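**Q** Please find one structure pasted underneath; my questions will follow.
The values are calculated or read from the model by the stated rules, or taken from the named source; none is laboratory data. These numbers come from a predicted model, not from an experiment. Quick reminder, even Gly has a Cβ in these numbers, built from the backbone with ideal geometry, and neighbours come from all protein chains shown. Just the protein is used for accessible areas: all its heavy atoms, side chains included, with ligands, DNA and RNA removed. Shrake-Rupley method; radii C 1.70, N 1.55, O 1.52, S 1.80 Å.
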Amino acid sequence: MHELAVAAELLELARRVAADEGARRVTVIRLRLGAASCLSPDSLSFGLEALAAGTATEGCRLEVERVPAPVSCPACGWRGEVRDMEGLICDLCRQTPLTILGGREMTVVSLDVE
Amino acid sequence: MHQVHVEHRLREAADEAGGANRAHFRARRVYVVNLMSAPGAGKTRLLERTLERSAGRWRAAVIEGDIQGRADADRIARLGVPVAQINTHGACHLDPRQVAAAAAELDLDGLDILFIENVGNLVCPAEFDLGETDRVMLLSVAEGHDKPAKYPLMFSTADLLLVNKVDLLAATDFDLDEARRAVLALNPHAEMLEISCRDGRGLEDWLAWLEDRLVHARDHWEGREHSHGE
């Protein structure tokens, strides 16, 4: 996943929000990441730190809320949620691979500005 | 200090561009394949073989994606097939906006199939919706049957997996059953074909798959019932 490109998008969003709110700094960015979203929060923090130097977002903290991915079994119809994308086998059938129904979201929920 | 709620979807601009491409291709009734693989798995050779065998059957065009150079576009051009080359100058994947610009260089009127040959890479291309109808992934036997488990996003979003270079099976430890199991575990709907662009085996099955998908797409766009399988 292109954490640096995502960090650049976050930075631009933060700049716009800060300008709209007449704020000087962005101190917190809250993200909601689905379990199937393939984004590494650590890499993202690192990228953000690198790009935010000297901007209103410098020193900003990233808070990540992880949400599970909905899954279903194509054989028995069982539906559930998973937080870990490895070894997705249906608990009921014990052998059928689960279909991933969602959990790819990457959303900026809110920002704290001052 | 105050909190500002935004609910901003990341990658929204790129997703929208992919959606816009899809609508554009659909409006022109062009069936689009996003062809992906690791470098050297045989994408360009597959396109050459496909275009040679389907000449006169479909009107096709190609968008080539590479970091730099025109080597692949030149190979396609030699076959008399319209081709546009995207150079990413360092980016490791194709972006839907680049595809839109390249498609504008081609005449889509009367085109049956547009092949997009993505940059050779098992990681990043899978993350970008180019607006394609189907995703075809190429895995050569020299790469190993463990790749699906190691690159889940790429293999889980492929509609068809072509296992290429099966003429080399005896020289490798590639286990076809293991590869099939690993791919189906990620994507129960994926289909798999074994091919060799060198000796030609499996290529007619690949063309039959394309033909079926092309007809299916057209039926879907025209609101017709499709009788094969779905």
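**Q** Return one whole number: the accessible area per residue of chain A in Å², for a 1.4 Å probe.
**A** With all protein chains present, chain A gives 52 Å² per residue.
**Q** Something else now. If you place +1 on the Cβ of every Lys and Arg and -1 on the Cβ of every Asp and Glu, how big does the dipole about the Cα centre of region B:1-128 come out, in debye to the nearest 20?
**A** With only Lys, Arg, Asp and Glu charged at Cβ, the dipole is about 440 debye.
**Q** Using 7 Å Cα-to-Cβ label points, what is the B:GLU204/B:GLN3 separation (nm, one decimal)?
**A** Between B:GLU204 and B:GLN3, the simple spin-label model gives 6.5 nm.
**Q** OK, next. Quick one: among A:ARG24, A:ARG16, A:ARG94, which has the greatest mean-square fluctuation in a GNM of chain A with alpha-carbon springs under 10 angstrom?
**A** Largest GNM mean-square fluctuation: A:ARG94.
**Q** How much accessible area is lost when chains B and A come together, counting both sides, with a 1.4 Å probe, in Å² rounded to the nearest 100?
**A** 2200
**Q** Suppose R0 equals 25 Å; then what is the FRET efficiency for B:ALA13 and A:ALA53 from their Cβ-Cβ distance, rounded to the nearest 0.05?
**A** Given R0 = 25 Å and the Cβ-Cβ separation, E is 0.55.
**Q** Could I ask something else about it? With a point put 7 Å past each Cα toward its Cβ, work out how far A:ALA19 is from B:ARG45 in nm, to one decimal.
**A** Going from the A:ALA19 label point to the B:ARG45 one covers 5.1 nm.
**Q** Now a separate question. Between B:LYS150 and B:ILE67, how high is the FRET efficiency from 1/(1 + (r/R0)^6) when r is the Cβ-Cβ distance and R₀ = 22 Å? Nearest 0.05.
**A** Numbers: r = 23 Å, r/R0 = 1.03.
After rounding to 0.05, the efficiency reads 0.45.
**Q** So how far, in whole Å, is the C-alpha centre of region B:180-194 from the one of region A:84-114?
**A** So the two Cα centres are separated by 20 Å.
**Q** Another question, if that's okay. Per residue in region B:1-20, which ones lose no less than 10 Å² of accessible surface when going from chain alone to all protein chains (1.4 Å probe)?
**A** B:MET1, B:HIS2, B:GLN3, B:VAL4, B:HIS5, B:VAL6, B:GLU7, B:HIS8, B:ARG9, B:LEU10, B:ARG11
**Q** Excluding ligands, DNA and RNA, what is the solvent-accessible area per residue of chain B at a probe of 1.4 Å, expressed in Å²?
**A** Ligands and nucleic acids excluded, the result is 45 Å² per residue.
**Q** Label points 7 Å out from Cα along the Cβ direction at B:TRP58 and B:ASP109: separation in nm?
**A** That separation, rounded to one decimal, is 2.2 nm.
**Q** For region B:108-120, what does the Karplus curve 6.51 cos²θ - 1.76 cosθ + 1.60, with θ = phi - 60°, yield as ³J(HN,Hα) per residue in whole Hz, taken in order and with x for Gly and Pro?
**A** 7, 5, x, 7, 8, 10, 10, 9, 10, 8, 6, 5, x
**Q** Given the Cα-Cα distance of A:CYS93 and A:GLU105 and 0.36 nm per residue of separation, how much length would full extension add, in nm?
**A** So the extension gain works out to 1.5 nm.
**Q** Over the protein assembly as shown, what percent of the accessible surface lies on carbon and sulfur atoms, probe 1.4 Å?
**A** In the protein assembly as shown, the share of accessible area belonging to carbon and sulfur is 48 percent.
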